[in-house]
Amino acid sequence: MRIVDRLRENIGIALDTLRVSKLRSSLTILGVVIGVATVMAMAAIVQGVRDQILHTIEIAGPTTFYVMKTSTPVNPNNPPPAVRNRPDLAPAEADRLKSLADMQYAAIWGQALARMEYLGTRTQQVAVFGADNRFTDIQGGDLAAGRWFTRSELGSGAAVAVIDQDVAHRLFGRVDPLDKIVRIGGRPARVIGVYQPPSNIFNPPGGSTGAIVPYLMLDRQFQFDRTNALFIVVKPRTGVTVANAEEQVMVALRQMRHLRPSQPNSFDLMTQDQILDTFNSLTGVFFLVMIVLSGVALLVGGIGVMAIMMVSVTDRTKEIGVRKALGATRGDILLQFLVEAATLTCIGGLIGIVIGLAFGRLATAVMKIEATTPVLYTVIAVAVSIAIGVVFGLLPANRAARLDPIEALRYE
């Protein structure tokens, strides 16, 4: 109880000191605020996007995986030799995989980037998917209006499109877009449906969806990256493990491509876990850079705390002498200034957390993803803030504690 009373008393003294020197205290904690805000903003964004991926995996099903020419993005104009000699994926291969007994779904999809236009109103470049009627089973969402493709439209590659709800609003306003002719990458297509994406959406191959067209239309009318943006979506039947499904897919594709046992696969398989691992590795590097940058800001803030506390010790030399003359021990003085420094940086940390979370929420709102509060990082940020105050306040606190009371009382 005595320790708690001493801490409460010292925190009160620290707050009184901060109120007296508002400008000096604000400038002191600025570095701490910037550092903590950077960490919290990045943590909120990374956590939000990671939740997006997990949500998409739940929609598609954890056993859904992708057959790709290469699972590692490469320059399509100059791919490495191991990828250059691989054949492009073909619709016949998707049909073969679909016929396997343990497969619930298999289809070839492609993705191009194009602008969409209607009566002079244009969008920025958006993702145009070549897919089929099962698009929402993999990507989530639903039809807000209209219909999906008929079997004949899919088989002929008809120039029809299901467009994104936001794109429809941007191009048509309040006009009903159904049966209107929209230009996608300069090519006309009749709008037959409006796609409403789920609240959380992250397309594994990348890009925000602008329109979905029959795959054969994309294949025949669009130039797109067949190395990185052409893939077969495979969804095994319930109860079939990913390992068993992958083995069947590899056997079937190797037979179709006439690969000998000694030859490596001329294709790659990417599972949902691999997508998550790839994301974690990319964001891990990005997050590490942010930690280093925010660490520099925290270091600057810590040095500022130390400098200000040194000045504070000098300014309050006489006060220290009075306290010692009245019986305050060296430990009491040391605790007083350590608590003051920790209080200063803790306040900076709390302000930084609020600013960082607010910025993170704003960024995720712009990205149209839901962000959750990273509780662990919040606790760590507060702890780091207090630790900075203790570490960088130790030298000035020790200097204050070692002052001779008689010399301190003489100080002018």
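FYI, it's all coordinate maths here, none of it is from the lab. Just so you know, these numbers come straight off a predicted model, no measurement behind them. Counting neighbours? That spans all protein chains shown, and the Cβs are built from the backbone with ideal geometry, glycine included.
What FRET efficiency do you get for ALA82 and ALA363 if R0 is 45 Å and r is their Cβ-Cβ distance, rounded to the nearest 0.05?
Working: r = 38 Å, r/R0 = 0.84.
For ALA82 and ALA363, the calculated efficiency is 0.75.
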**Prompt:** Full extension from VAL322 to VAL4: what is 0.36 nm times the residue separation minus their Cα-Cα distance, to one decimal in nm?
**Reply:** 112.2 nm
**Complete:** Placing each pseudo-label 7 Å from Cα in the direction of the beta carbon, LEU293 and ASN244 end up separated by a distance in nanometres of 4.8 nm
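For the chain, which DSSP H helices look membrane-span-like by this rule: Cα extent along the axis of 24 Å or more and mean Kyte-Doolittle of at least 0.0? Write out the running numbers ahead of the final one.
Values: long enough: 2-20 (27 Å, 0.11); 22-60 (55 Å, 1.16); 272-315 (61 Å, 1.51); 330-366 (54 Å, 1.48); 375-401 (37 Å, 1.87).
Helices passing the filter in the chain: 2-20, 22-60, 272-315, 330-366, 375-401.
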**Item:** Cα-based reach from LYS22 at 24 Å (exclusive), listing lysines while leaving out same-chain residues under 8 positions away
**Value:** LYS318
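Between ASP16 and ASN280, what is the FRET efficiency for a Förster distance of 41 Å, r being their Cβ-Cβ separation, to the nearest 0.05?
Numbers: r = 47 Å, r/R0 = 1.14.
Given R0 = 41 Å and the Cβ-Cβ separation, E is 0.30.
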**Fill in**
Along the dipole axis of the chain (charges at Cβ: +1 for Lys and Arg, -1 for Asp and Glu; origin at the Cα centre), the most positive-end residue among PRO236, VAL20, MET250 is VAL20
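Applying 1/(1 + (r/R0)^6) with R0 = 41 Å to the Cβ-Cβ distance of ARG220 and ASP176, what FRET efficiency is obtained, to the nearest 0.05? Please report the intermediate quantities before stating the final value.
Numbers: r = 28 Å, r/R0 = 0.69.
Working from the Cβ atoms, E equals 0.90.
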**Message:** Which lysines, if any, have their Cα less than 20 Å from the Cα of LYS235, not counting same-chain residues under 8 positions apart?
**Reply:** LYS69, LYS98
**Item:** Matching label, volume of the Cα convex hull per residue in Å³ computed from the structure shown, candidates (1) 151; (2) 124; (3) 212
**Value:** (3)
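Which value, in debye to the nearest 20, describes the size of the charge dipole of the chain about its Cα centre when Lys and Arg Cβ atoms bear +1, Asp and Glu Cβ atoms bear -1, and nothing else is charged? List each step's numbers first, then the result.
Numbers: 40 positive and 33 negative charges, 109 e Å.
I would put it at about 520 debye.
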**Fill in**
For the chain, averaging the sequence separation of alpha carbon pairs under 8 Å that lie six or more residues apart and dividing by its residue count, the contact order in percent is 31 percent
